[in-house]
Amino acid sequence: MKPDFEIYDTTLRDGAQAEGINFSVADKIRIAEKLEAFGVHYIEGGWPGSNPRDMEFFVQARKKKFKRAKIAAFGFTRRKGVAVEDDEQIRTLLNAETPVITIVGKTWLLHVHEVLRVKPEENLAMIGDTIRFLKDHGKIVVYDAEHSFDGYKDEPDYAMATWQAAEKAGADVICLCDTNGGCLPAEVARITKAAVGRLNARVGIHTHNDCGFGVANAIAAMEVGAKHVQGTINGYGERTGNCNLISIIPTIAFKMNKVGVPPASLPKLKELSQFVDEIANIRHDPRQPWVGQTAFAHKGGIHVHAIERVARSYEHIDPTAVGNHRRVLVSDMSGRTNILVKAQELGFKLTTETPELKTILARIKEQENLGYEFEAAEGSLALLIGKLLQHREPPFALDTYHVSMRGDGKSSVCEATVKVRVGDELAHTVAEGDGPVNALDTALRAALVKFFPHLKKVTLTDYKVRILESSTGTAAKTRVLITSTDGKNEWGTVGVSENIIEASLQALSDSIEYLLTRK
Ligand SMILES: [Zn+2]
């Protein structure tokens, strides 16, 4: 199917310029393969002139033979006062041997005068010479017109002249860039419309998110005729990031009813977003539109009641269309419907007729009142419901424990001893750790692993401590939330106590019990 909009991904170049992101060549290849399978049209692999790692990416990408996506190398227009064929950076670009070369050039006279320090005519020649030279070498050329909107607002005629110079030299796409991310959607629409009206080449849009308008500005341009959109997965990029393709892609399909990526890829959107975060070693943003964990999470009792009747009463699309799913949260704001839906989601058979329903609801509210919080602790919630509903014995019982710490002023070590009972057997272990919680976790698991070998695979992925304010003048309470994983699933558990170690131990022991009892 011919796309209405071309999707140009620059995660590996503009995205890699984000603080805290550092892709190896192997990382870049894995992401590129994922993007190719997903169906984006262009993958910008890097800037071969800037570092050897980017050049190595192009060497390896050639061996992979990308079929659907076109690989692009990124660079600048030729240097001032140098013939294009003598420009080293342009040679390096050709050496990348990509089908597409993306060239960035200046639109804004401020930059021409103050940053490049060349005459306006020389800037036009730099744009034209570079593009013509690359076209003569058989390349598809995308021209990224830096600061298009700021430049046009200052000097519309000059901005237009730079775009026309690129078009005349044969550029396939003239991509207008809001490089500083400071323009409003209406300005972007007005200026893009002017460009589309005067140019015959395809017009593209590249935006940044400095005002939080990265996606909105790209959509504004696409609504008035831009047919090519650049951005990054999860919006990575310099400062506050680039236009987020994870929002652009479903917007094209579900809001504009046009074609971007192949429709069969849309249910894999959440997976793509998580995959790239994992490679970048960034925790997936729970509030990310469309694909975040909370994107279809409902908390208010009235909302939950309504979506049970008609999902679209509080959902803008069906979450499964982008690979996400609906979640119902349980808290002291919950009504009976929340508990029913949540319990069913956790695998319990519960209906309005179940006699224990009232007790369960009352116990959740009572526990929340004591400082427990179940929204992020579904493991503890499942245990609570299970105990009240099935009246079953826990798989193990903690008999006693002891924690101590010794140090010499420079370093310290903690030691924990635990005694647990499983059926009629008693296990007793000692373990050391960096801190008391680490020592307890190690000792508890060492004691239980003899009985339940699959505990070996469990690790803690997050540990959060929150001091709850005290209104009674007694010691403040501590709430501990932990997240555990067995490599496949993640679950959260909670503990509350005036003693942080006691609270941690509750959460740790809930985490293990949940793993041992879940369906
Ligand atoms: Zn950019």
Consider Ile127 carefully, then state whether it is under 30 Å from Lys64 (Cβ atoms), at pLDDT 95 or above and crowded, with 19+ Cβ neighbours inside 10 Å.
-> no
Selection within segment 210-237 - buried (at least 20 other Cβ atoms within 10 Å of the Cβ) and either more than 16 Å from the ligand (Cβ to nearest atom) or among the acidic types (Asp, Glu) (or both) = Ile219, Ala220, Met222
How many residues of segment 326-344 are surrounded by 15 or more Cβ atoms within 10 Å (Cβ to Cβ) and assigned to a helix (DSSP H, G or I)? The answer is 8
Does segment 265-274 contain any residue that is in contact with a helix residue (DSSP H, G or I) (Cβ under 7 Å, 6 or more places away or on another chain), closer than 17 Å to Val40 by Cα, in contact (Cβ under 8 Å) with a residue 40 or more places away in the chain and in a loop (DSSP other than H, G, I, E, B)?
-> no
By residue number, the members of segment 309-344 that are farther than 19 Å from Pro289 by Cβ and of a type in the set (Asp, Glu) are Asp332
Which of the residues spanning segment 236-261 are within 17 Å of the chain's Cα centre (by Cα) and among the basic types (Lys, Arg)?
-> Arg239
Examine segment 191-202 for a residue that is surrounded by fewer than 24 Cβ atoms within 10 Å (Cβ to Cβ) and either touching a residue at least 60 places away in the same chain (Cβ under 8 Å) or within 16 Å of the ligand (Cβ to nearest atom) (or both), and state whether such a residue exists.
-> yes
Answer yes if at least one residue in segment 63-72 is among the small types (Gly, Ala, Ser), touching a residue at least 12 places away in the same chain (Cβ under 8 Å), within 16 Å of the ligand (Cβ to nearest atom) and closer than 23 Å to Ala166 by Cα, and no otherwise.
-> yes
Hits in segment 416-434 - residues which are under 38 Å from the mean Cα position of the chain (by Cα) and either surrounded by fewer than 17 Cβ atoms within 10 Å (Cβ to Cβ) or without any contact (Cβ under 8 Å) to a residue 12 or more places away in the chain (or both) | Glu432, Asp434
Is there a residue being over 22 Å from Asp9 (Cβ atoms) and among the aliphatic types (A, V, I, L, M) anywhere in segment 200-219?
-> no
Go through segment 36-73 and count every residue that is of a type in the set (A, V, I, L, M, F, W, C) and out of contact with any Leu (no Cβ under 8 Å at 6 or more places or on another chain).
-> 9
Of all residues in segment 1-24 being within 14 Å of the ligand (Cβ to nearest atom) and of a type in the set (Ser, Thr, Tyr), the one that is farthest from Ile282 (Cα to Cα) | Tyr8
Determine, yes or no, whether Leu444 is closer than 30 Å to Gln293 by Cβ, in contact with a helix residue (DSSP H, G or I) (Cβ under 8 Å, 6 or more places away or on another chain) and surrounded by fewer than 18 Cβ atoms within 10 Å (Cβ to Cβ).
-> no
When you scan segment 382-438, how many residues do you find that are basic (Lys, Arg) and touching a strand residue (DSSP E or B) at 6+ places or on another chain (Cβ under 6 Å)?
-> 2
Sort through Thr207, Thr240 and tell me the only one that's within 16 Å of the ligand (Cβ to nearest atom), β-branched (Val, Ile, Thr), surrounded by fewer than 24 Cβ atoms within 10 Å (Cβ to Cβ) and without any contact (Cβ under 8 Å) to a residue 60 or more places away in the chain.
-> Thr240
In the set Ile307, Ile302, Ile317, Ile282, which member is assigned to a loop (DSSP other than H, G, I, E, B) and out of contact with any Pro (no Cβ under 8 Å at 6 or more places or on another chain)?
-> Ile282
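The values are calculated or read from the model by the stated rules, or taken from the named source; none is laboratory data. Computed from a predicted structure; not experimentally measured. Reconstructed Cβ throughout: ideal geometry from the backbone, glycine too, with neighbour counts over all protein chains shown.
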